[in-house]
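Asks: Encoded as structure tokens, here's the structure I'll be asking about.
The numbers here are math on the coordinates, done by the rules we state, and not lab data. In this text, all values refer to a predicted model and were calculated from it rather than measured experimentally.
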Amino acid sequence: MMLPQEIGVRITDTYSATLHFNLPPELFWFKGHFPEQSIIPGVTQIHWAIHYATEIFSIKRDFNGIDVVKFQRPLFPQENITLILNWDAEKSKLSFQY
């Protein structure tokens, strides 16, 4: 399993969405990262944000880069998490927050 388990999705307007997930322990990303305490890698969090934004907002552009990324805390197995997406179509810029 590569994607988190969706609990709910709320599209607040044309370019904003809030997604709720559960992180099952059998997610591929937990394997080996780290043996003593599994966490979701930061690159996976970025991948999920881009994946869901592309799907929800029908973004047809290639990924060009990241301005600033700061991970607030680790994401652990069996946690329920929230992902907030905002797409600025005029600037072609995605912002997200877990």
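Asks: Using every alpha carbon pair in the chain, what percent of pairs falls into each 10 Å bin from 0 up to the bin containing the largest distance?
Replies: Calculated over all Cα pairs of the chain, the distribution is 14, 48, 31, 7, 0 percent.
Asks: Using each residue's phi in the range 4-20, evaluate 6.51 cos²θ - 1.76 cosθ + 1.60 at θ = phi - 60° and report the 3J(HN,Hα) Karplus result to the nearest Hz, with x for Gly and Pro.
Replies: Per residue, the Karplus-derived 3J(HN,Hα) values read x, 7, 6, 9, x, 9, 10, 8, 7, 7, 4, 10, 9, 8, 10, 10, 10 Hz.
Asks: Okay, next question. Tell me the Rg and the Dmax, in Å, that the Cα atoms of the range 1-46 produce.
Replies: Both quantities, over Cα of the range 1-46: 13.0, 42 Å.
Asks: Can you give the relative contact order of the chain as a percent, counting alpha carbon pairs under 8 Å and 6+ residues apart? Please list the in-between numbers first.
Replies: Details: 133 pairs, mean separation 32.4, N = 98.
Taking the mean separation of contacting Cα pairs over the length of the chain, I get 33 percent.
Asks: Same structure, new question: Considering only Cα-Cα distances, which of the following residue pairs are longer than 21 Å: 70/93; 31/60; 60/91?
Replies: Working: 70/93 16 Å; 31/60 31 Å; 60/91 14 Å.
Exceeds cut-off: 31/60.
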